[in-house]
Amino acid sequence: MKVLVTGGAGFIGGNFVHHMVNKYPDYEIVNLDLLTYAGNLETLKPVENKPNYKFVKGDIADRKFIFDLFEKEKFDIVVNFAAESHVDRSIENPEIFVKTNVLGTTTLLDASKEFNVKRYHQVSTDEVYGDLPLDRPDLFFTEETPLHTSSPYSSSKASADLFVMAYYRTFGLPVTISRCSNNYGPYHFPEKLIPLMISRALADESLPVYGKGENVRDWLHVHDHCEAIDLIIHKGNVGEVYNVGGHNERTNLEVVKTILKALDKPESLISYVTDRPGHDLRYAIDPAKLENELGWKPEYTFDTGIKMTIDWYLNNRDWWENIISGEYRDYYEKMYSNR
Ligand code: NAD
Ligand code: TYD
């Protein structure tokens, strides 16, 4: 089995590459990544010398490059993680989100159709459903919840999902989609809430909480997300969407206070800053379909997962300090310029 993982130098894709390379020694795992600011090959160090792993640098929106790659490699499975993923950046510059998240996806779909890929899996997000009110804890996103996006990021992801379903209906391409809630865990880029707060708290810097910190996110450990995708690509039914989440809702303030307590830092570090425009209030996933149809169950609660994640950041300072200093950007040159 030959599997293309796009965006495998990012947070979730990187964890997924580790998972696949270690779990399936008989598979060939090809990691295709453009190495944008969010891509970091240091994340792949634990697998880079394994015989069933290969890295290719390139852009999922570069049609010629993608078609040449598909023709040469003859992939059985494509798992598309590659994306611009940060909501705040999408508010600053929406265009690159259209290019990578929409055009990149349609390019991969065209190549998958042309070269008879057996399964195309799109890694999507619960943000395509918009948000839920804070005063209705009884409401959850199901796969039937209408798409109703708020940010340029979520709009680009919803658009990509619609194209994926169109390629199933119109061309019979064997597709699946997963829509997961907020992930956390090792190798999370320190511009997102949890790693940002851990790294800043360790440096005794102020922790910028948007608005009043009342917005709710539904946190899932990245390893549980990787297990879910593994299940879906092997056992999921084509043409289906699967929501992924573990019922771990927390307000942002609760998350930040948990981190401060674990690091023995004072709550006076919290600094309330101007809210994000269009800030989604609450995300909450109903994962019943994935649990009932495919038998998925999350392994981590937020309480166990956040403790392990904080320990990981304490034990892997080099990884995130290199990002903050910008040093990680030299890694590709150092490792690959002579290959
Ligand atoms: P990330 O930003 O950490 O990683 C994205 C990766 O894609 C980077 O390595 C980057 O270099 C690469 N990339 C960007 N543009 C590219 C292009 N044009 N061609 C090839 N590679 C390119 O993102 P992440 O948090 O790991 O998210 C991965 C996927 O999961 C995304 O599709 C995102 O929408 C989805 N998702 C994320 C979360 C979350 O909480 N982070 C939750 C649900 C779904
Ligand atoms: P983020 O990690 O950017 O994920 P998303 O916006 O995709 O959910 O943000 C998680 C939550 O934390 C979101 O409600 C915005 C909030 N937030 C802050 O309060 N301060 C910050 O510095 C960041 C990056 C996020």
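The numbers here are math on the coordinates, done by the rules we state, and not lab data. Source: prediction; values computed, not measured. Cβ sites come from the backbone with ideal geometry, for glycine too, and all protein chains shown count toward neighbours.
Things to note:
- Each Lys or Arg adds one and each Asp or Glu subtracts one; over the other residues with Cβ under 11 Å from the Cβ of Ser85, this totals -1.
- At the listed q of 0.09, 0.19, 0.22 Å⁻¹, the Debye profile of the stretch 85-216, built from one uniform point per Cα, gives log10 I(q)/I(0) equal to -0.34, -1.19, -1.36.
- The distance from the alpha carbon centre of the stretch 1-63 to that of the stretch 272-339 is 16 Å, rounded to a whole number.
- Per-residue HN-Hα couplings for the stretch 222-234 [Karplus 6.51, -1.76, 1.60; θ = phi - 60°; Hz; x = Gly/Pro]: 4, 5, 5, 5, 4, 4, 5, 5, 4, 4, 5, 5, 8
- Legend: distances between Cα atoms for Lys50/Lys261; Lys57/Lys289; Lys45/Lys72; Lys118/Lys307; Lys45/Lys99; Lys2/Lys113; pairs beyond 27 Å are Lys50/Lys261; Lys57/Lys289; Lys118/Lys307; Lys45/Lys99.
- Leu207 sits among other residues whose Cβ lies under 12 Å from its own Cβ, and their net charge, with Lys and Arg +1 and Asp and Glu -1, is 0.
- Whole-number percent relative contact order across the chain, with pairs defined as alpha carbons under 8 Å at least 6 apart: 18 percent
- Chain lengthening between Asn315 and Glu48 when straightened (0.36 nm per residue, less Cα-Cα): 94.1 nm
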